[in-house]
Amino acid sequence: MKVFPDSGDALTYAIFVLLPVMSGALLVWLARCSRRAGSRKKGHMVAGANLLVFVLTASTVMVAMESYYRFCCDTTDSFALTRTSQCWMQRHWKLNSSGFRDSLTAYPAPRTPGQRRITFIGDSFTAGYGIANVEDRFANRIRSGGEAEVQVMAKLGFDTGDEIKLVQALVAQHYQLDEVVLVYNLNDLSDIDPDWQAVDRRINSTNSPGFLVEHSFLFNTYYYHLKARFEPDIANYYQSVRKAYDGPVWEEQQQRLKSLRSLVETNGGHLLVVTFPFLQHLGPDYEFRSVHVKLYKFWQEQGVPHLDLLGLFEARRHQSLTVNSHDAHPNANAHALATEAIDDFLSKNVRREHHS
């Protein structure tokens, strides 16, 4: 990992280190001068010393925090905005030759004779964003505990439109579909939500936050944590997702999901669906409950096996389920809980007959 990818980073860290050194040196110099100074000057020197003590203390704390976030902090935030998240990605996000995060080096197109193939498709929840060890995510746990050929085709930010294009590309590459598990996240319709598209453009067109925020890991972290909390476009993100299920966006999303099912099944596959809730909102007032009901009814009408993990996680909402207070992705504990439920779901719904 490069903690000093450019001169701006190196300069910023050098300033953090030099501040306590310089203020400490000045404090020593002032103490020596005060011994030779007259009583009339000592009042000014005491005031100067107090100021230097404050600067020394504050700068020492800041360099310690800067060093922590730059060298030691190994975690993520929900929207991957911070420098610490980018460093986490450099450390832990390794792609195989097929372009997906996994410990398997590649995903061959032909199936292994005599084995079921389970292909998980999804977004950051499925890819295991925030999970440092890829073997701790639910798909890899399922692979290690069974005999099926498990492949995980998931990428950060994937929506239903991306997943349809993915399956189309797999078919064009003569990839043999078998059991295809769509891991659905409630925000998978964001790419067709005009309100969210406008928000996304505003977020991405924001001017540079300034040199210090760009090059200081400390200031960068707190800037984006505050932005995520108080910036209306980001803070209201989940409310905009909920509203999207009450109008024409949901109608269009249903058609896309039907298209995905048809695409899978006309090319020899069998579609199953697993739905994750928004873990940070769980509780008696969970505002997305009606969305889960709509999804349940939709998949039931389509005859598609569907596992909703809302009940599982609601029963365990007092446990630690998210990566951290700034990242609402499922943590290793949540993945472990999901593994057992998904594995049981697959054992009941995967087709029994083998074909090659």
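The values are calculated or read from the model by the stated rules, or taken from the named source; none is laboratory data. Keep in mind that what you see is a predicted model, and the values were worked out from it rather than measured. All Cβ positions, glycine included, derive from the backbone under ideal geometry; neighbour counts span all protein chains shown. We work out accessible area using only protein heavy atoms, side chains counted, and drop any ligands, DNA or RNA first. Shrake-Rupley method; radii C 1.70, N 1.55, O 1.52, S 1.80 Å.
Points to keep in mind about this one:
- Candidate set from the range 181-212 (those that are over 30 Å from ARG117 (Cβ atoms), in a loop (DSSP other than H, G, I, E, B) and of a type in the set (S, T, N, Q)); member that is modelled with the highest pLDDT: SER208
- Considering the range 256-356, the qualifying helices (runs of 4 or more DSSP H), each wholly inside and each with 2 or more residues that are farther than 22 Å from VAL152 by Cα and either out of contact with any helix residue (DSSP H, G or I) (no Cβ under 8 Å at 6 or more places or on another chain) or open to solvent by 40 Å² or more (accessible area, probe 1.4 Å) (or both), run over 289-302, 310-314.
Results for (1) modelled with pLDDT of 90 or more; (2) more than 30 Å from PHE211 (Cα to Cα), shown as yes or no for each residue.
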site	(1), (2)
VAL17	yes, no
VAL21	yes, no
ALA31	no, yes
SER34	no, yes
LYS42	no, yes
GLY48	no, no
LEU51	yes, no
VAL55	yes, no
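- Within the range 97-133, being touching a helix residue (DSSP H, G or I) at 6+ places or on another chain (Cβ under 6 Å) and open to solvent by 20 Å² or more (accessible area, probe 1.4 Å) holds for SER103, ALA132.
- Test: residue in the range 86-95 that is part of a strand (DSSP E or B) and open to solvent by 10 Å² or more (accessible area, probe 1.4 Å): yes
- Unmet criterion (only one of (1) farther than 20 Å from VAL181 by Cα; (2) assigned to a strand (DSSP E or B)) for TRP250: (2)
- The set of residues in the range 143-152 that are touching a residue at least 24 places away in the same chain (Cβ under 8 Å) and either within 21 Å of GLN86 (Cα to Cα) or open to solvent by 10 Å² or more (accessible area, probe 1.4 Å) (or both) comprises GLY145, GLY146, GLU147, ALA148, GLU149.
- The residues on offer are ASP188, ASP136, ASP159, ASP195, and the sole one that is open to solvent by less than 30 Å² (accessible area, probe 1.4 Å) and out of contact with any Phe, Trp or Tyr (no Cβ under 9 Å at 6 or more places or on another chain) is ASP159.
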